[in-house]
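Contents: one structure, followed by commentary.
What follows is calculated from the coordinates using simple rules that are stated; it is not laboratory data. Computed from a predicted model, the values in this text were never measured in an experiment. We place every Cβ from the backbone using ideal geometry, glycine too, and count neighbours over all the protein chains shown.
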Amino acid sequence: MKNEVAGKWNADELVRLHREHLWLHITNHKAFESQEPPIMVSGKGCMVTDSHGREYLDGLSGGVWCVNAGYGQQKIIDAITEQLGRLPYYAGSMATPPYILFAEKMAELLPDLAKVYVANSGSEANEKSFKMARQYFALKYPGKKKNKIVYRHRDYHGSTLAVLAATGQEERKAGYGPFPPGFAEIPHALCYRCQFGQSYPGCNIECARALETVIEREGADTVAAVILEPITAGGGIIIPVKEYYPIIAEICRKHEVLLIIDEVVCGFGRTGTMFGYQHYDVAPDMVTMAKGLASSYMPISAVVTKSYIFDQFVVNPADTMGYFRDISTFGGCSAGCAAALANIGVIEDQGLVANSRKMGQYLYDSLKDLEEMPLVGEVRGKGLFLGIEMVEDKKTKAPLPEKYLAKMVADAKSDGVIIGRMSRSVPQNNNVLTAAPPLIISKQETERLAAAFRKVIGNLHRELA
Ligand code: PLP
């Protein structure tokens, strides 16, 4: 039977085909043997509608925190449509007008970082930043092996093998080794679970200083770059203290190590500034971005770098070719660049960074007192990026088992609100409920989101009491 909501598709047939052929990302398909797989068919503003016509407040911006501008932004849709009609694609060593204008816009947003390299996904942008760092030092110091990449525990940088090697989440890496050599880890920056047994501000920010220990252990002349999420996203919404990045930057300067900031999640207003690192007094050498860059209306990512990195490639007697030996067919796709350009225009014209700051603060203030409840370890947030760390026992900080987080997420969904969780069954992990709604969210919708968290967390306390 034709389902009106699914429009041109037959909803029952979609379910059958889904079960028969789909292999979804990070999904246990066993559940779909007994439950119908959910299928989203449309979105408007902050709301999405499934194939049964049920509406949800999307507290996750498309599931993975990326539809920053919300659904149905006509300017982005028009820009893509117009460009597809004019010239869908031309790349290789050839630019198109949206490609050039997008690069100019990025250089305006990041004035210290003038060169823009376009790719397709966050993983790819990060992978390219590693290649740039390695080739940069190979060109600068011919014969030397300054090529290691340092990353942080709990950070995530993508799914392909080199960026996974640079990922500090053991649960994501399990089973995919062997990984390429040349990567080293530093501790996470989560004060709530300080690995140095200290508490801020009485500590010496040991988590940042650990970078120097690792660089010295590896040998500074072997380390090319450190990659960090400004605020750790999927690893549990971890917001480093304000002193953290200036210390990191100083260590990088001292040892001539490039600082790569991964803005794949935090970029484009998510945390209440255009870029997450702008909460801190720090100037990265490279910034990578994806998700919110085109609010995911098109797949596009980018690496934006300082000019001196680019210059090393162009004029270098040690290099016979004079270019970065990297290509992705779809990197620079003109409609993707047009989408990103229009999206940035929407973010600016509609004041979405300021709204993220304002509504994010409101959401955080509405929920901070949940920390008084026995199962809530910590409420953390910056802009429209919220994490509620759930614990079984406040003294030991043992994480609340995954099944309870899954239940709270399912209960909120039954009430028409999509929230998320990061819970990976790793002992002593940080099991966290999350929200990252579109940055256009209204006060009323923010209240609804906050109420959903209060309700599911309150209900769970009653059940387990
Ligand atoms: N970097 C961070 C911080 C991410 O959270 C992600 C994905 O969630 C990535 C990189 C990888 O991006 P993509 O999934 O587009 O490859």
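Summary of values
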{"quantity": "Hydrodynamic radius by Kirkwood, which averages 1/r over all alpha carbon pairs of the chain, in angstrom", "calculated": "23.2"}
{"quantity": "The stretch 143-239 - Rg over Rh from alpha carbon coordinates, Kirkwood radius", "calculated": "0.98"}
{"quantity": "Point-charge dipole on Cβ atoms (K/R +1, D/E -1) for the stretch 2-89, about Cα centre, debye to 20", "calculated": "160"}
{"quantity": "Estimated distance in nm for a label pair at LYS368 and ALA398, the labels positioned 7 Å out from Cα along Cα-to-Cβ", "calculated": "3.1"}
{"quantity": "Structure-based [θ]222 nm, the chain - -39500 (n - 2.57) summed over DSSP H runs of at least 4, per residue, nearest 500", "calculated": "-11500 deg cm²/dmol"}
{"quantity": "Antiparallel bridges, percent of DSSP beta bridges restricted to the chain (to nearest 5)", "calculated": "65"}
{"quantity": "Tail weight of P(r) past 24 Å, computed on alpha-carbon pairs of the stretch 1-114, percent", "calculated": "50"}
{"quantity": "The stretch 20-65: trypsin sites (Lys or Arg not before Pro) falling in loop per DSSP and having at most 16 other Cβ within 10 Å", "calculated": "LYS30, ARG54"}
{"quantity": "Rough spin-label spacing in nm, given labels placed 7 Å along Cα→Cβ, for ARG54 and SER42", "calculated": "1.9"}
{"quantity": "Length added when fully stretched, GLU171-LYS145, from 0.36 nm per residue minus Cα-Cα", "calculated": "6.3 nm"}
{"quantity": "Overall Cα dimensions of the stretch 336-440 - principal axes, largest extent first, Å", "calculated": "48, 28, 27"}
{"quantity": "Dipole magnitude (debye, nearest 20) for the chain, charges at Cβ of Lys, Arg, Asp, Glu", "calculated": "360"}
{"quantity": "The stretch 88-246: relative contact order as a whole-number percent, Cα under 8 Å and 6+ apart", "calculated": "23"}
{"quantity": "Rounded FRET efficiency, nearest 0.05, which uses the C-beta distance separating PHE196 from ASP415 and R0 of 51 Å", "calculated": "0.80"}
{"quantity": "Size of the stretch 106-192 as Cα extents on the principal axes (Å, biggest first)", "calculated": "36, 36, 29"}
{"quantity": "Cα lying deepest toward the dipole's positive end in the stretch 89-202, options PHE137, ALA162, PHE102, charges on Cβ", "calculated": "PHE137"}
{"quantity": "Debye, to nearest 20: dipole size of the stretch 106-217, +1 on Lys, Arg Cβ, -1 on Asp, Glu Cβ", "calculated": "460"}
{"quantity": "Per-residue HN-Hα couplings for the stretch 141-148 [Karplus 6.51, -1.76, 1.60; θ = phi - 60°; Hz; x = Gly/Pro]", "calculated": "10, x, x, 8, 10, 8, 9, 6"}
{"quantity": "Percentage relative contact order, the stretch 331-404, counting C-alpha pairs under 8 Å, at least six apart", "calculated": "20"}
{"quantity": "Length-normalised contact order for the stretch 29-163 - Cα pairs under 8 Å, 6+ apart - percent", "calculated": "12"}
{"quantity": "Per DSSP, loop chymotrypsin sites (Phe, Trp or Tyr not before Pro) in the stretch 1-107 with at most 13 further Cβ within 10 Å", "calculated": "TRP23, TYR90"}
{"quantity": "Positive-end residue of HIS255, PHE179, LEU190, charge dipole of the stretch 174-273 with Cβ unit charges", "calculated": "LEU190"}
{"quantity": "Those lysines that a straight Cα-Cα span of less than 21 Å connects to LYS382, excepting residues fewer than 8 apart in one chain", "calculated": "LYS242, LYS291, LYS358, LYS368, LYS443"}
{"quantity": "Cα centroid of the stretch 326-385 to Cα centroid of the stretch 213-270, whole Å", "calculated": "20"}
{"quantity": "SER34-ALA107 pseudo-label distance in nm [points 7 Å out on the Cα-to-Cβ vector]", "calculated": "5.9"}
{"quantity": "Rule-of-thumb Rg ratio for the stretch 175-312 [Cα; 2.2 N^0.38 Å; N residues]", "calculated": "1.09"}
{"quantity": "Where trypsin sites (Lys or Arg not before Pro) fall in DSSP loop in the stretch 76-145, at most 11 other Cβ within 10 Å", "calculated": "LYS144"}
{"quantity": "Span-like helix ranges in the chain, DSSP H, alpha carbon extent 20 angstrom or more, Kyte mean at least -0.5", "calculated": "334-349, 352-367"}
{"quantity": "Partner aspartates and glutamates for LYS146 [C-alpha distance under 12 Å; skip if fewer than 8 residues away on the same chain]", "calculated": "GLU218, ASP221, GLU256"}
